[in-house]
Amino acid sequence: MFIIRWFVFLVVKIGLSLLCRIDARELRRVPARGPMIAISNHTGQLEVPILFAWLAPRPISGWAKSETWDKPFFKWLFNLWGAIPVHRGEADMNALRAALEKLDAGYIFGVAPEGTRNKTGRLLRARPGAVTLAVRSGAPILPIAHWGGENFTSNLKRLRRSDFHLRVGRPFIVHNGGGRIGREERQQIADEMMYQIAALLPEEYRGEYSDMSKATTEYLNFDVPEIGQLKVAPTFAKPTSIG
């Protein structure tokens with residue numbers, strides 16, 4: 001399985017490098033080991049294989065909609081990548097527990113706070129699912145923004161290469177003082193996380209988060225080790241009550 005996994009990563013990396021001009025230099029700032037939640041926008045088919053292939057051999061996992069496993073090829077591919085099926089529109093505790101186990105094993109766990117693919121490239125309003133994982137795990141969160149992938153399909157039809165850009169932001173930890181988190185607080189935390197992604201994007205891609213004057217950091221703690229120094233897994237926080 002290890003050899004097959006490496007071969008798939010190699011094929012993906014070579015193939016996408018031929019089809020796209022990929023600017024992924026900032027991924028070098030991702031720490032070499034230790035648990036981390038990577039939050040990013042979700043625009044199309046490119047960002048997932050690029051993150052998996054360009055961060056290899058760094059162990060990485062993430063949620064994917066459960067319907068993906070209905071298709072034999074994608075079931076095989078996503079199982080090979082170690083992705084976790086999640087049932088959207090409900091509180092999927094099995095998916096949450098599986099994600100916590102991945103983080104406990106030192107993985108990067110990828111989450112798209114928007115909760116669905118954004119075909120226009122402009123940010124949608126965040127859903128609060130990523131907040132639950134962040135609070136339960138206590139793991140550092142790394143914002144990653146990308147753009148250009150929304151043009152991939154149309155460019156491919158015209159036999160054009162796509163320009164794909166990745167930017168990495170400052171890591172932070174979600175803190176709430178250990179109290180109960182209600183619906184409004186969850187949404188505020190989700191919005192604060194999304195503004196960290198928006199700050200990395202060109203203005204035309206910020207969508208629902210275009211007005212950066214509304215960005216707050218009330219629940220974000222940036223007092224974490226610098227990127228590249230996060231070598232030891234943090235002690236995970238005790239479960240916090242989430243309403």
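Structural remarks
- Lone unmet requirement of (1) buried (at least 21 other Cβ atoms within 10 Å of the Cβ); (2) more than 12 Å from TYR219 (Cβ to Cβ) for SER162: (1)
- Single condition ARG158 does not satisfy, out of (1) under 30 Å from GLY15 (Cα atoms); (2) touching a strand residue (DSSP E or B) at 6+ places or on another chain (Cβ under 7 Å): (2)
- Filtering segment 24-38 to residues that are in contact with a Lys or Arg (Cβ under 8 Å, 6 or more places away or on another chain), among the aliphatic types (A, V, I, L, M) and buried (at least 18 other Cβ atoms within 10 Å of the Cβ) leaves only VAL30.
- Pairs meeting the criteria (first residue in segment 152-163 and assigned to a loop (DSSP other than H, G, I, E, B), second residue not aromatic (Phe, Trp, Tyr), beta carbons under 6 Å, at least 6 apart or on different chains) are ARG161/CYS20; ARG161/ARG21.
- Matching residues in segment 126-148 - criterion: being small (Gly, Ala, Ser), under 15 Å from TYR205 (Cα atoms) and either outside any loop (DSSP other than H, G, I, E, B) or in contact with a helix residue (DSSP H, G or I) (Cβ under 8 Å, 6 or more places away or on another chain) (or both): ALA126, ALA145
- Total residues in segment 101-125, condition buried (at least 18 other Cβ atoms within 10 Å of the Cβ) and either part of a helix (DSSP H, G or I) or aliphatic (A, V, I, L, M) (or both): 7
- Pairs, first under 16 Å from LEU55 (Cβ atoms) in segment 100-117, second hydrophobic (A, V, I, L, M, F, W, C) and part of a helix (DSSP H, G or I), C-beta under 7 Å, six or more apart: ILE108/LEU55; PHE109/ALA99; PHE109/LEU103; GLY110/LEU51; VAL111/ALA130; VAL111/LEU133
- Verdict on ARG21 being touching a residue at least 40 places away in the same chain (Cβ under 8 Å), exposed (fewer than 12 other Cβ atoms within 10 Å of the Cβ) and not hydroxyl-bearing (Ser, Thr, Tyr): yes
- Which listed residue is at pLDDT 90 or above, touching a strand residue (DSSP E or B) at 6+ places or on another chain (Cβ under 8 Å) and of a type in the set (D, E, K, R), from ASP92, ASP23, ASP104: ASP23
- Residues in segment 67-94 that are in a helix (DSSP H, G or I) and within 15 Å of the chain's Cα centre (by Cα): TRP81 only.
- Checking each residue in segment 209-225 for being in contact with a Lys or Arg (Cβ under 9 Å, 6 or more places away or on another chain) and either surrounded by 16 or more Cβ atoms within 10 Å (Cβ to Cβ) or modelled with pLDDT under 60 (or both) picks out TYR209, VAL224.
- The selection criterion, being at pLDDT 90 or above, among the polar types (S, T, N, Q), exposed (fewer than 14 other Cβ atoms within 10 Å of the Cβ) and within 18 Å of GLY129 (Cβ to Cβ), does not hold for ASN41.
- Any hit, segment 174-184, residues being at pLDDT 90 or above and either in contact with a Leu (Cβ under 9 Å, 6 or more places away or on another chain) or under 27 Å from GLY34 (Cβ atoms) (or both): yes
The values are calculated or read from the model by the stated rules, or taken from the named source; none is laboratory data. Quick caveat: nothing in here was measured; it's all calculated off a predicted structure. FYI the Cβ positions are ideal-geometry reconstructions off the backbone, even for glycines, and counts take in every protein chain you see.
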